[in-house]
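Enquirer: Below is a structure I'd like to ask you about.
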Amino acid sequence: MSQLARPAGIDIASRFISQGSRVRELLSSADEIGAIYRLEGFTEALVITNDAFVREAHGVPLHCFLLAATPGMRDAAQAGTIEPDEEEVVLLRVTGTAALPDEGEMTRLRARAGFDLVREDRREVDQRRAAEQLIDALTEVEMQTSGVKCAVLGTFYDVSRGDHTELAFGSDMDNAYAWSRLRVLKPYGDTLRLITSFLQVMTDQEPSMFEIGTLRYASTQRREALARASGKPVDVPVDVNVADFVTHKTAVLGMTRLGKSNTMKTIATAVFRYAHEKQVKVGQLIFDPASEYAETNVQDQTALAELGAEHVIRYRFGATQDELSNDPGLRPLALNFFNEREIGPVSDLVADFATRANSAQYIQAFAAADVLGPEDPQTGQERSEQQWALRARALFYAALIKAGLEPPPGWTFWFPANSDLRGALPSLSHPRGRDLSFANNLQSGRGKVRVDKTQLLDLAEAVCHNALSDAPNQHVTAWFHTPDERVKAIAEVLLATRGGGYRVLIPLGEGYHSPAASADYAPEIYGDLVGGKIVIVDLSRGSEGVLQFASERVVNYLLLRAANKFRQGQDMDIIQVFLEEAHRLFDRDRFKDARATADPYVRLAREAAKYKIGMIYSTQQVSSVEQDVLDNTANWVVAHLNSESEVRLLRGRYEFDRFGDQIKQAEDRGFVRLKTLSSRYIVPVQVRLFDKAMIEDARAVAAGADGNRAGAQPLSAGQRAADGQVADDGQSAG
């Protein structure tokens with residue numbers, strides 16, 4: 001399939017359409033400003049212009065797009081009659097000024113005129129009269145002539161495709177004549193919009209376009225306003241193919257408070273629309289450190305969550321029961337440690353936390369103690385291991401209760417105790433002097449007694465205290481001592497016989513555990529993503545350690561499920577991950593660490609493309625992001641960076657070296673340099689403001705698309721690949 005291009009679905013009424021020429025459309029809305037007088041190889045053009053032309057075109061700013069073509073290309077009467085070799089338009093970008101061949105003489109004349117004006121001004125002569133008297137008309141024209149240096153971005157030309165003609169673009173020139181007759185024009189309006197939103201496509205599928213912002217050449221916008229008022233706007237809309245962002249890496253770079261989050265919200269909204277328009281499920285996972293995606297804030301007057309609870313699920317650390325009851329879109333970012341159905345992830349979490357907090361040998365033994373046991377014991381050995389796990393679990397829950405973690409209201413536990421141990425329990429001494437006579441009245445059945453949280457702690461402490469005493473009860477000893485000593489390992493933490501004991505677990509009550517949680521949040525989040533929801537993980541509350549653990553646990557689970565599907569040859573789920581402050585997650589030192597293979601963010605960066613996981617990451621410290629991550633980034637959104645060392649890292653990528661000075665100098669919020677996978681060149685853009693209107697529009701699109709979905713068939717994996725969503729080679733087909 002040849003690499004043809006479409007004008008991004010823009011409807012441009014062209015007076016040349018009857019001749020079937022698309023390339024001539026590019027010249028329909030443009031002002032002539034001069035001509036090319038020299039080509040420097042195939043990459044640079046020197047343009048001669050005049051102040052009168054520049055004034056008529058409302059200025060030619062740095063980075064301005066220009067077009068170069070032969071004079072006959074603008075004449076409709078010559079369509080089809082000029083040399084085929086000339087049926088093309090060269091795209092240029094202004095990179096600076098250029099000295100004309102006689103620049104020395106021009107400089108002398110300007111300096112002389114300026115000297116005379118200053119001298120006459122000192123005699124209090126009107127400056128305009130002085131200029132008229134001192135400079136003749138021919139000299140004035142020569143003095144207003146100047147040179148502009150331009151980069152050659154490529155060539156537009158027509159390609160026949162079936163019964164129609166399409167516009168194609170090549171990222172170079174394939175010829176350079178010694179004598180150039182190319183006139184140079186500054187485009188505006190529809191012509192300029194076609195250029196800024198031009199995409200290179202490789203399939204028959206129409207790209208899914210989204211207006212991400214407007215063209216903006218410079219920080220100063222005075223002449224931009226004048227051009228708009230005169231009907232020659234240059235602040236035209238810039239459209240992107242949303243499929244470029246799906247399953248690919250996107251970098252959003254810039255200093256704090258210059259619009260990175262606004263850009264990421266805009267991209268998330270665009271992907272949401274795209275998923276509903278294409279009727280394909282795209283899950284979006286957003287880690288929200290400041291609750292600006294989850295909650296309405298002063299700046300936006302809205303939030304991404306206002307797309308509605310049917311589309312957006314929020315998981316919040318520290319969510320209260322009242323919050324959960326009153327908000328259908330809210331879930332707790334915590335586990336209920338006392339839900340026995342979740343004992344597996346709970347024990348893993350507690351073990352991981354404890355060993356991070358304390359590396360002592362007794363903590364290592366506590367973390368290694370098996371509290372799960374066999375799921376479906378068949379042999380005598382397996383049944384014994386199940387009993388040992390139940391005993392360890394009883395002490396495990398007791399240790400959590402002693403550390404201050406509260407079970408849900410009305411929670412009870414079946415404490416494993418045969419008839420011999422039940423008979424011994426009331427007579428045991430308690431280390432805190434508690435009365436154990438209640439043990440005579442406990443509900444029992446099948447070798448267990450039913451206890452509440454207080455009774456469980458009292459019995460567990462009494463049994464452990466007796467077992468570790470100089471004269472233990474024989475029935476207690478039989479219950480306590482297991483071949484692998486797992487019960488003893490937990491007992492030492494419960495009673496704090498070594499070190500801080502249970503006190504190591506106290507911080508778990510600061511957010512890891514929630515009595516209101518009904519299930520493990522990691523698989524719930526994964527299920528929401530697979531279902532095409534936007535999942536916002538609200539990390540605005542809690543300590544750094546708690547939030548880091550929760551986010552890493554979610555990423556680990558996501559990678560685990562993706563790896564399993566990949567190994568089994570199943571279709572991969574389309575998921576986007578949004579990461580703020582990425583320099584902390586993709587730090588070069590983390591990639592060099594020997595434990596990098598276990599770091600979830602290192603794995604995410606390295607394996608995301610393989611698993612069709614798109615990643616949108618933002619940072620102000622480009623230098624700290626691992627080189628592999630930058631090298632595999634497909635889309636670039638670059639706002640202001642205040643350090644030359646940071647900008648230098650971008651200068652070797654695409655044509656960012658041409659924008660280096662502007663990146664350092666222009667501190668305007670939302671003013672970015674944009675390069676997407678489908679675009680062939682960088683476009684300077686003022687990103688749209690994420691606001692309530694954008695949210696309402698997205699909701700309307702989703703409602704309309706969902707209403708039509710009943711009679712439509714969902715896209716197959718092959719169709720999605722053809723549409724550029726899950727291309728097999730990891731590159732967008734759109």
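Enquirer: Given a 1.4 Å probe and the protein chains all in place, what does the accessible area of T214 round to, in Å² to the nearest 10?
Expert: Estimated to the nearest 10 Å², T214 gives 40 Å².
Enquirer: Label I506 and R383 with points 7 Å out from Cα along Cα→Cβ: what is the distance between them in nm?
Expert: In this crude label model, I506 to R383 measures out at 4.4 nm.
Enquirer: In debye, nearest 20: dipole of segment 417-549 around its Cα centre with unit charges on the Cβ of K, R (+) and D, E (-)?
Expert: Working: 13 positive and 15 negative charges, 66 e Å.
I would put it at about 320 debye.
Enquirer: Count the net charge of all other residues whose Cβ sits under 11 Å from the Cβ of N642, scoring Lys and Arg as +1 and Asp and Glu as -1. Walk me through the numbers before you get to the answer.
Expert: Working: positive: K664; negative: E644, E646, E667.
Counting the neighbours of N642, the net charge comes to -2.
Enquirer: Which order do the peptides 264-273, 222-231 take when ranked by the mean count of other beta-carbon atoms within 10 Å per residue, highest first? All intermediate terms of the calculation are to be shown ahead of the outcome.
Expert: Working: 264-273: 23.9, 222-231: 14.0.
Going by the mean number of other Cβ atoms within 10 Å, highest first, we get 264-273, 222-231.
Enquirer: Of the listed peptides 480-490, 289-299, 466-476, what is their order by residue-averaged count of other C-beta atoms within 10 Å, with the highest listed first? Could the numbers behind the result be given before it?
Expert: Working: 480-490: 18.5, 289-299: 16.7, 466-476: 15.2.
Packing proxy ranking, top to bottom: 480-490, 289-299, 466-476.
Enquirer: Students often get this wrong: which residues of segment 416-459 have the backbone nitrogen under 16 Å from the point 7 angstrom along Cα-to-C-beta of S469?
Expert: 421-437, 458-459
Enquirer: Here is a follow-up. Would you kindly derive the ³J(HN,Hα) couplings of segment 658-664 from the backbone phi angles with the Karplus curve 6.51 cos²θ - 1.76 cosθ + 1.60 (θ = phi - 60°), listing them in order in whole Hz, with x for Gly and Pro?
Expert: 6, 9, x, 5, 5, 4, 6
Enquirer: Name the residue from N441, A522, H430 whose Cα lies farthest towards the positive end of the charge dipole of segment 400-534, charges +1 on Cβ of Lys and Arg and -1 on Cβ of Asp and Glu.
Expert: Selected residue: N441.
Enquirer: Provide the solvent-accessible area of Y521, counting protein heavy atoms only and rolling a 1.4 Å probe, rounded to the nearest 10 Å².
Expert: The value for Y521 is about 10 Å².
Enquirer: What list of ³J(HN,Hα) values in whole Hz, one per residue of segment 557-562 in order, does the Karplus curve 6.51 cos²θ - 1.76 cosθ + 1.60 (θ = phi - 60°) give from phi, with Gly and Pro shown as x?
Expert: Per-residue couplings from phi come out as 5, 4, 5, 4, 5, 5 Hz.
Enquirer: Give me the 1.4 Å probe accessible area per residue for segment 248-297, excluding ligands and nucleic acids, in Å². Each step should come with its number before you reach the end.
Expert: Details: 1190 Å² over 50 residues.
Accessible area per residue: 24 Å².
Enquirer: Still on this model: Given 0.36 nm per residue, what is the gain on full extension from N418 to T165 after removing their alpha carbon distance, in nm? Intermediate results must be reported in sequence, preceding the final value.
Expert: On the way: separation 253, 0.36 × 253 = 91.08 nm, distance 8.64 nm.
Full extension from N418 to T165 adds 82.4 nm.
Enquirer: Any idea what the dipole of segment 307-383 comes to, in debye rounded to 20, about its Cα centre with Lys/Arg Cβ at +1 and Asp/Glu Cβ at -1?
Expert: On the way: 6 positive and 12 negative charges, 52 e Å.
Dipole about the Cα centre, nearest 20: 240 debye.
Enquirer: While we're looking at this one, here's another question. Please report, in debye to the nearest 20, how large the charge dipole of segment 425-468 is about its Cα centre when each Lys and Arg carries +1 at its beta carbon and each Asp and Glu carries -1 there.
Expert: Values: 6 positive and 4 negative charges, 36 e Å.
My answer is approximately 180 debye.
Enquirer: Distance from the Cα centre of segment 287-352 to that of segment 429-500, in angstrom?
Expert: Going from one Cα centre to the other spans 37 Å.
Enquirer: Another one. Measure off 7 Å from each Cα along the Cα-to-Cβ vector at Q621 and A705, then give the distance between these two points in nanometres to one decimal.
Expert: 3.7
Enquirer: What is segment 433-545 by shape, rounded, prolate or oblate, if you read a ≥ b ≥ c off the alpha carbon gyration tensor as root eigenvalues and call it rounded for a/c under 1.5, prolate for a/b larger than b/c, and oblate otherwise? Write down the numbers at each step before the final one.
Expert: Details: a/c = 2.55, a/b = 1.98, b/c = 1.29.
It is prolate, given that a/c is not under 1.5 and a/b is the larger ratio.
Enquirer: Turning to a different aspect of this structure: Taking only protein heavy atoms into account and a 1.4 Å probe, give the accessible area per residue of segment 382-521 in Å².
Expert: Working: 6070 Å² over 140 residues.
Ligands and nucleic acids excluded, the result is 43 Å² per residue.
Enquirer: Okay, moving on. Please give me the summed charge of the neighbours of V537: other residues whose Cβ is under 9 Å from its Cβ, Lys and Arg +1, Asp and Glu -1. Kindly include the intermediate steps, with their values, before the conclusion.
Expert: On the way: positive: R314, R316; negative: D288, D538.
Net of charged neighbours comes to 0.
Enquirer: Taking the simple approach of a point 7 Å from Cα along Cα-to-Cβ for both D348 and M255, what is their distance in nm?
Expert: About 4.3 nm separates the two model spin labels.
Enquirer: Considering only DSSP states other than H, G, I, E and B, which trypsin sites (Lys or Arg not before Pro) in segment 364-463 qualify as loop sites with at most 10 other Cβ atoms within 10 Å? Write down the numbers at each step before the final one.
Expert: On the way: sites: R383, R391, R393, K402, R422, R432, R434, R446, K448, R450, K453; in loops: R432, R434, R446.
In loop regions of segment 364-463 (DSSP not H, G, I, E or B), the sparsely surrounded trypsin sites (Lys or Arg not before Pro) are R432, R446.
Enquirer: Same structure, new question: Just to verify a number: FRET efficiency for D452 and E581, C-beta to C-beta distance, R0 = 45 Å, to 0.05?
Expert: 0.55
Enquirer: Does segment 619-662 classify as rounded, prolate or oblate by the C-alpha gyration tensor (a ≥ b ≥ c root eigenvalues; a/c under 1.5 gives rounded; else a/b over b/c gives prolate, otherwise oblate)? Mind showing how you got there, number by number?
Expert: Details: a/c = 1.70, a/b = 1.26, b/c = 1.35.
Here segment 619-662 falls in the oblate category.
Enquirer: Which order do the peptides 147-153, 544-550, 241-247 take when ranked by the mean count of other beta-carbon atoms within 10 Å per residue, highest first? Let's see the in-between values first.
Expert: Working: 147-153: 21.3, 544-550: 17.1, 241-247: 27.0.
So the order, starting with the most tightly packed, is 241-247, 147-153, 544-550.
The values are calculated or read from the model by the stated rules, or taken from the named source; none is laboratory data. A quick note: this is a predicted structure, and the numbers were derived from the prediction, not measured. As a convention, Cβ positions derive from the backbone with ideal geometry for all residues, glycine included, and neighbour counts pool all protein chains shown. Side chains included, ligands, DNA and RNA excluded: accessible areas come from the protein's heavy atoms. Shrake-Rupley method; radii C 1.70, N 1.55, O 1.52, S 1.80 Å.
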